[in-house]
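See structure below.
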Amino acid sequence: MTHVATSPRFKENAKAALADRELQNALKFVEVNFIARRREVVDRLPEFDALRDAARDIKNHTLAHLDLYLEAYEARVTAAGGQVHYAATAEDARQVVLGICRRLGAKTVTKGKSMIGEEIAINDFLEANSVQPIETDLGEYIVQLRGEIPSHIIAPAVHLTKAQVEAEFRRVHTHLPADRNLVEPTTLLTEARGVLREKFLAADVGITGANFLVAETGTSIIVTNEGNGDLTQTLPKAHIVLASIEKMVPTLEDVATLLRVLARSATGQDMSVYTTLSTGPRRADDPDGPGEYHVVILDNGRSAMVGSAFQDMLRCIRCGACMNHCPVYHAVGGHAYGWVYPGPMGAVLTPSLIGVDKAGHLPNASTFCGRCEEVCPVRIPLPRMMRAWREREFERHLSPATVRSGLAFWAAFARRPRLYGAATGIAMRLLALIGRGKGRFSWLPLASGWTRFRDFPSPQGATFQQQWRARRRSSE
Amino acid sequence: MADQPRRVGLFVTCLVDLIRPSIGFAAAKLLADAGCTVEVPRQACCGQPAFNSGDRATARAIAEQVIDAFASYDYVVAPSGSCAGMLKAHYPELFHGDPNWLPRADAFAAKTFELTSFLVDVLGVTRVDADLEATATYHDACSGLRELSVRVQPRRLLGTVRGLTLEEMRDSDVCCGFGGTFCVKYPDISNAIVEKKAANAAATGAGLLLAGDLGCLMNMAGKLQRDGKAIEVRHVAEVLAGMTSEPAIGAPAHPQTEPRR
């Protein structure tokens with residue numbers, strides 16, 4: 001039971017997204033706000049690029065010694081009274097969570113934001129097993145009400161306008177006066193807070209994600225802006241952390257470096273409002289805290305990426321800068337990508353997790369403009385890895401037949417410059433003869449993808465090489 | 001500058017070769033004016049369509065042939081950031097771990113440049129001899145900008161064209177949506193992206209849109225023309241070489257009167 005991937009229907013998804021006016025309005029927020037805010041805080045920090053190098057090096061070092069750090073981490077967690085559960089698959093992770101919930105007789109579970117939670121579709125699974133999950137991050141709460149998955153890894157409901165959120169709250173919060181004023185965005189936040197407050201107090205188990213797992217101390221760390229994560233993890237009987245193997249970081253010192261690039265790249269903040277460190281369950285002299293502390297560490301295909309062409313992807317710290325700066329994401333939003341991880345990072349990660357046969361469109365739907373790599377805080381070469389996926393598809397004959405035959409036809413000429421010269425010389429003269437009067441074509445055979453939206457310029461006449469050689473001959 | 005003339009092999013790019021040879025002649029003039037001897041060995045494509053479609057074997061076969069064809073030149077210059085990026089940044093990737101070819105690919109990459117970058121960064125050209133009464137806006141094509149750091153070079157040279165004013169557009173460094181085969185594989189998305197670019201270019205009020213890559217220029221010109229926007233679109237080399245008598249990209253062959261601003 002994971003989210004059904006609609007990634008094979010990426011083209012249809014994209015078409016629908018482009019025609020969705022409310023979505024298009026909502027998406028402007030990404031293009032306008034995230035980019036400008038990041039630019040501003042990055043410009044204020046002269047050492048930002050040096051920090052990116054340091055962040056990349058920390059992650060590379062950790063990945064090179066991942067087994068050792070995982071062992072060290074587990075030992076520390078155990079020493080602090082917590083428990084580490086390794087989960088090879090999404091199903092393993094779900095069973096661990098359900099087992100804990102069943103043992104504690106849990107009726108409701110509060111949830112902080114967790115992309116691993118989305119990856120293993122924990123909400124659907126718990127509901128099917130009579131445990132009610134309640135998302136407490138505002139954006140996650142909204143998408144849960146709507147029965148959707150997040151469309152952005154740090155802004156789950158960024159695909160919705162304020163009016164849509166208001167409508168959803170009026171539909172669901174029927175216990176509140178119908179004539180209440182929800183004009184100001186803060187009124188929506190306050191209303192959600194009020195509704196969620198009781199849930200926090202009633203929950204038996206709290207699930208959060210983790211931005212980092214610290215090997216040195218056995219600590220899990222979340223960064224949030226709403227404080228919901230803290231209530232989620234401290235009030236219930238048990239705190240379950242959903243993480244994956246690449247969240248590992250050696251020391252708190254390393255975390256400090258990564259935090260300096262994370263919020264700046266993500267939301268354009270110097271720091272998130274809350275940075276919460278959790279080490280083990282409540283100790284005897286602690287005033288509060290959970291009685292049990294569990295960390296589920298998911299693999300789900302990641303260890304196979306170590307040592308492969310896609311290892312660098314495991315450096316990702318889930319800031320979302322790549323999608324915030326992606327012209328394709330700006331155009332179609334996150335849901336079009338058809339699974340949990342959208343944008344450029346999703347275009348590389350998703351094929352690793354659900355198979356390139358299902359997610360093949362994602363690494364292809366990129367102009368290779370390179371903006372994602374330019375802003376990535378851990379310098380992941382995203383375009384290069386998208387190209388590596390295209391190579392896998394080509395090798396496995398997964399690329400569409402039209403693309404392959406077109407490419408083979410083109411290559412036959414491109415590899416033989418003389419043949420190319422002769423053929424194009426005739427073709428361009430012919431095209432120019434037809435097109436020069438108007439200067440362009442509004443329709444061309446075999447090029448409807450272009451001419452449906454754009455005119456195509458007429459060639460000027462003979463090719464450059466023909467003209468160049470003719471001039472050379474006449475001047476000799 | 002060195003005393004003896006530099007022998008430059010012009011990699012004209014397949015789009016320029018086929019669609020708009022005048023850009024090739026403009027590039028050749030700029031190079032000759034800067035004291036280079038320009039030659040054009042027989043050539044086809046740089047192989048980028050194969051490389052970006054995952055067909056590494058074809059890309060590599062084409063790369064070997066290009067490296068051979070340009071072996072005897074001091075420099076290789078292309079009027080395109082995208083193709084120059086392929087030659088300079090990606091050819092060595094294709095020969096990774098090959099002790100025979102990698103050194104050749106590295107040496108080839110080291111002598112290869114995008115046109116405006118070659119003029120400014122290598123030859124130290126500070127001004128061009130050209131006039132054009134116009135207000136232009138400049139689009140930073142992605143590969144040139146991000147793979148080869150082409151940003152100030154074209155602007156610096158355009159600043160010396162007599163009569164020309166440069167008006168920057170919003171998001172000049174954002175992709176135009178061309179993306180090689182992307183524009184025909186995902187035409188709806190490509191269209192949404194170029195719509196924004198066309199709107200940003202039009203909002204400057206400039207009568208002329210310039211860039212250093214013909215693929216992007218064809219995409220933007222095609223969109224502007226489909227939308228009935230009267231902005232001329234040209235390659236930056238045409239303006240820098242003072243060769244703007246040819247109709248602009250996609251413009252009719254014999255205009256009654258050249259619209260000049």
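What follows draws every value from the coordinates through simple rules; no lab data is involved. Note that the structure is predicted; figures quoted are calculated from it, not measured. Virtual Cβ from ideal backbone geometry, glycine too; neighbours counted across all protein chains shown.
A compact table of results
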| quantity | calculated |
| --- | --- |
| Whole-Hz ³J(HN,Hα) from phi, Karplus 6.51 cos²θ - 1.76 cosθ + 1.60, for segment A:45-61, glycine and proline x | 10, x, 8, 4, 5, 5, 5, 4, 4, 5, 5, 4, 5, 4, 5, 4, 4 |
| Of B:LEU145, B:LEU87, B:LEU18, the one that fluctuates the most in a GNM where chain B has Cα springs shorter than 10 Å | B:LEU18 |
| Under-5 Å amide H pairs with A:VAL295, H placed in peptide plane, nonlocal only | A:GLN83, A:VAL84, A:HIS85, A:VAL241 |
| Candidates B:CYS216, B:CYS142, B:CYS14, ranked by Gaussian network fluctuation over chain B, Cα under 10 Å, top entry | B:CYS14 |
| Residues A:ILE153, A:ILE35, sorted so that the one with the fewest Cβ neighbours within 10 Å comes first | A:ILE35, A:ILE153 |
| Summed residue charge, Cβ within 14 Å of A:ALA388's Cβ, Lys/Arg positive, Asp/Glu negative | -1 |
| Mean-position separation - Cα centroids, segment B:153-191 and segment A:1-20, in angstrom | 30 Å |
| Amide proton proximity set for B:PHE113, modelled H, under 5 Å, gap of 5+ | B:VAL76, B:VAL77, B:ALA78 |
| Three semi-axes of the equivalent ellipsoid, segment B:6-121, Cα gyration tensor, whole Å, largest first | 23, 16, 11 |
| Segment B:197-249-segment A:241-283 distance, computed between alpha-carbon centres (Å) | 47 Å |
| Gap separating the Cα centres of segment A:406-457 and segment B:28-75, nearest whole Å | 20 Å |
| Sorted by Cβ density within 10 Å, fewest first, the residues B:VAL16, A:VAL261 | A:VAL261, B:VAL16 |
| Residue order, fewest to most beta carbons within 10 Å, for A:VAL183, B:VAL150 | A:VAL183, B:VAL150 |
| With Cα atoms, 0 to 90° folded angle of helix A:382-395 axis to chain A main axis | 70 degrees |
| Chain A - Debye-derived log10 I(q)/I(0), Cα point model, q = 0.06 Å⁻¹ | -0.33 |
| Potential lengthening between A:LEU45 and A:THR6 on full extension [0.36 nm per residue; Cα-Cα distance subtracted] | 10.0 nm |
| Base-10 log of normalised Debye intensity for segment A:376-444 (one unit scatterer per alpha-carbon) at q = 0.11, 0.15, 0.25, 0.28 Å⁻¹ | -0.53, -0.79, -1.05, -1.13 |
| Rounded if a/c under 1.5, otherwise prolate or oblate - segment A:146-305, Cα gyration tensor axes | prolate |
| Amide H contacts under 5 Å for B:ARG7, placed H, 5+ residues apart | B:THR37, B:ASP74, B:TYR75 |
| Label-point separation in nm, A:LEU433 to A:HIS61, each point 7 Å along Cα→Cβ | 6.9 nm |
| Proximal charge balance of A:THR463 [Cβ under 9 Å; K/R count +1, D/E count -1] | 0 |
| Distance violations [Cα-Cα > 21 Å] among A:LYS358/B:LYS185; B:LYS185/B:LYS229; B:LYS88/B:LYS223; A:LYS438/B:LYS185; A:LYS162/A:LYS247; A:LYS111/A:LYS237 | B:LYS185/B:LYS229; B:LYS88/B:LYS223; A:LYS438/B:LYS185; A:LYS162/A:LYS247 |
| Segment A:1-145: C-alpha gyration tensor shape, a/c 1.5 cut-off, then a/b vs b/c | oblate |
